[in-house]
Amino acid sequence: MLILVLFKKSFVYVFIFCIVHSLDAQNIARLRADDDFSYLKKDTSHKSWDERLKFMSLTNAVNISIGGEWREQYQNYTHANFGQFPATFTEESPHQWMHRIMLHADLRYKQSLRLFAQVNNTARFLNPNPIVSQVDQNLLSIHQLFFEFEPIKKMRVRLGKQEMLYGQERFIASREGPNTRQNFLGLHAIWNLPKSQLHPFIVKPIRMLPGYLDDGLANEVFLGSYWIKPRLYSKLNLDAYYFFLESTQREYVFKKGIEQRHTAGLHVYSPLQQINYDVELAHQWGRFNALDISAWMLVWDFNFEAKKHVYVGFSGNYVPGDESTTDQQLNTFNTLYARPPFGQTVALNITNTLNLSPYLRYQAGTKWLATARASIVNRTSKADGIFTPNMSPLRPLKLDAVSDQTGICDIYALDVNYVPTKHYFFQAELGFCKAGNYLKDSGPGKDVVYFAFRNAIKF
């Protein structure tokens, strides 16, 4: 009992201490494996208690860094999934509490060898019927565990369990919005070339399960390379990529089979300035069973600073769907391991959609980011349905549920982020989705109201 009391008091002390002390010099990255606190090796004069956690010398050549995150979020849905639930579900589960703790240790030998480990604990409360249980709850898992070495100068290779994230996360994302983040098992290299960077990889995605240390491997192989060329010109950045996916888990036109899909694309974007642009174009080809794959994607985002910190923008996408169910082609685009493109309000992908989204954004440095957005989403092809962000069929769910309607939904969303220091994050998200005629024609088409509040402490 005494030990428990002391532990609770110590935890409270650490919590308060972290709130009072801001470590603005620290670089906490979106992917915690990319944190860099090497500057603390030379800065020995003003190290606070928690800075010492970031660079602890074990020997002259070996050091260790410890960090973590504690996130809590509340979600409230009215008519989640447009009111369509399995028969075994209790529809009226309007809210849930989502809990996440992630802790990591980074052990380094000089600059050439490294061992990174991260454990994950996520849990769901109040809702007995989650729609996506595997991303809502994962009670205990080894989320990352990789060995990093330097086979040649300016190249680092990571071997093991790890996260990946590229560009605007339209293909490879950390999946930060849901409770459990995406991870992979395999080999990933970071090669620093003259004025550019190349990231080749070959991995298998992790298949997440809700219990303790029960995760497995998905029946998929994912390989490719991502090239980053910052400042190709003074106001132009360029990414280029190639991916290959082999999977037996994806479903199209109510069939599963062997999918062998190639993806090649370009992403051009500007640094943040008065007038900004972001355009991404990708093409896919390959085979799905006996069908030839031919699909493409166009995504854009243009905005300008109307007044200080206030941006007016127009974003959207055009991603054609399958043109016919009777020809020998599959034109359905696969977004692979992308982030949810419409936020958490609706579990809807951009596949087979034309989306037009005007928005207003307030961005003041790194502390405030607020976006009010309207999205008008329609089907591009009447022969194809719509999908969830993980490429599961959303509609239709029955072969005979054919509809000539194209209007999917209108989404109105407000997203407010406040980051007072690099250690604290607060987010409020409010969304309303007006169900369109296609949803009403192909099944339950109820309007969705969504609210969420998240806060996280990172160290």
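Observations on the model:
- Filtered by the rule that a residue be touching a residue at least 60 places away in the same chain (Cβ under 8 Å), within 27 Å of Q260 (Cα to Cα) and hydrophobic (A, V, I, L, M, F, W, C), the stretch 196-227 gives M208, L209, F222.
- In the condition set (1) in a helix (DSSP H, G or I); (2) modelled with pLDDT of 75 or more; (3) aromatic (F, W, Y), Y74 is compliant with all but (1).
- Filter result for K153 (within 18 Å of Y242 (Cα to Cα) and either assigned to a loop (DSSP other than H, G, I, E, B) or in contact with a strand residue (DSSP E or B) (Cβ under 9 Å, 6 or more places away or on another chain) (or both)): no
- Test: R379 is under 15 Å from N317 (Cβ atoms), in contact with a helix residue (DSSP H, G or I) (Cβ under 7 Å, 6 or more places away or on another chain) and among the charged types (D, E, K, R): yes
- Residues of the stretch 350-409 that are in contact with a strand residue (DSSP E or B) (Cβ under 8 Å, 6 or more places away or on another chain) and of a type in the set (V, I, T): I350, T351, T353, T366, T371, I376, V377, T380, I386, T388, T406, I408.
- For the stretch 301-354, the set of residues classified as aromatic (F, W, Y) and buried (at least 19 other Cβ atoms within 10 Å of the Cβ) consists of Y311, F333, Y337, F342, listed by residue number.
- H188 farther than 22 Å from Q344 by Cβ and crowded, with 16+ Cβ neighbours inside 10 Å: yes
- Boolean, Q427 is surrounded by 15 or more Cβ atoms within 10 Å (Cβ to Cβ), in contact (Cβ under 8 Å) with a residue 12 or more places away in the chain and assigned to a strand (DSSP E or B): yes
- Against the conditions (1) of a type outside the set (A, V, I, L, M, F, W, C); (2) at pLDDT below 95; (3) within 22 Å of L187 (Cα to Cα), H95 satisfies every one except (3).
- Of the residues making up the stretch 108-163, those that are in contact with a His (Cβ under 6 Å, 6 or more places away or on another chain), free of Cβ contacts under 8 Å to residues at least 60 places away in the same chain and polar (S, T, N, Q) number 0.
- Lone unmet requirement of (1) under 27 Å from R261 (Cα atoms); (2) polar (S, T, N, Q); (3) within 21 Å of the chain's Cα centre (by Cα); (4) not in a strand (DSSP E or B) for N355: (4)
- In this structure, L103 does not qualify as out of contact with any helix residue (DSSP H, G or I) (no Cβ under 6 Å at 6 or more places or on another chain), of a type in the set (A, V, I, L, M, F, W, C) and either loosely packed, with under 15 Cβ neighbours inside 10 Å or modelled with pLDDT under 95 (or both).
The values are calculated or read from the model by the stated rules, or taken from the named source; none is laboratory data. Model, not experiment: these values are computed from the prediction. So basically every Cβ, Gly included, is an ideal-geometry build from the backbone, and we count neighbours across all protein chains shown.
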